[in-house]
Each structure stands twice: as C-alpha cells, then as structure tokens.
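Notes follow the structure.
The numbers here are math on the coordinates, done by the rules we state, and not lab data. Just so you know, these numbers come straight off a predicted model, no measurement behind them. With ideal geometry, Cβ positions are generated from the backbone for all residues, glycine too; neighbour counts draw on all protein chains shown.
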Amino acid sequence: MTVAFLVDTNLLVYVHDPRFPAKQAVARQILRRGITTGDAVLPYQAVIEFMAAVRRPLRQKATSLLSQEEASRVMEEWLSLFPVIYPTENVIRLAVRGTAAYQLSWFDALIWAHAEHYGIPELWSEDFQTDRLYGTVRTVNPFS
C-alpha cells in the first residue's frame, strides 16, 4: 500500500457536521477516495481529537454532533478502514522543531511531524497554507 496523504481532524469532523454542507460533501468525497484507493492514513492525534470534537456540546445547544454511541461506531468503522499511525520519539522531536522552524502551533506541528516522519507526501487539512512545503510534506486545503 502506498500512502499518498495524511488526513487531519477537521476532515473527519466535517463528515458529521451538517452546519457546513459544502465542507461536509468535500470531506466525504476525500474519505471515500481514501477508502477506495487505500492512499489515506489517520494519525493517532486525529483519532483522539475527532472523539473530543464530535462529543463537545455545540455553541448555543446542549447537544453534540454525535452521541457517544454514534461516535464510538464511527471510530470503530474508521479504525477498520484506515491505517492509523502513532507518535514516536522522533515524531515528537520533529514537532518541536516544526514549531520553531515553521511557526506552527503545537497540534499542527504534531500532525505535520507524523507525515514527515512516515514519509507521507501530502497533509490534507484546512489548518495549513495550501500547496506549501513544510520539509518534504506538501499541504493541501481541500476546502479552498
């Protein structure tokens, strides 16, 4: 399997967020492509951030995007459909350097470091400048 891109948390969340229908459609298309072609991977960080994001109460509402049962079911499906990569000491060291070299926030640097360490050429996220190289990783904002 050749991995072509790393999926950031925001794509996972938009799949289940009806407040942004255009982004929801794009995110669904990207994840479908990743499942069909096998060229997408999830970093561990995106998995845990997804669970926190979809369970957090929405502004001005007492409900969250997904119930605990729905979020658990979705996560189980994704864990069976996508490879998950985990942080190593080198990933953490790269992230520390990424915060300094690229002025990235800690969480963005950690996502980038996963791609850099594992040799994944693209990082798909709305949190980065599109078509920019950070080390050997090109960022893609699929919503721009």
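For the reader, a short list of remarks on this structure follows.
- When its C-alpha radius of gyration is set against 2.2 N^0.38 Å (N residues), the stretch 24-144 gives a value of 1.11.
- Sparse packing (at most 13 other Cβ atoms within 10 Å of the Cβ) combined with a DSSP loop state is found for the following trypsin sites (Lys or Arg not before Pro) in the stretch 22-75: ARG59, LYS61.
- For the chain, the longest principal axis of the C-alpha atoms and the axis of helix 106-118 are separated by about 60°.
- Amide H contacts under 5 Å for ASP17: none, restricted to partners 5 or more places along the chain or on a different chain, H placed in the peptide plane at 1.01 Å from N.
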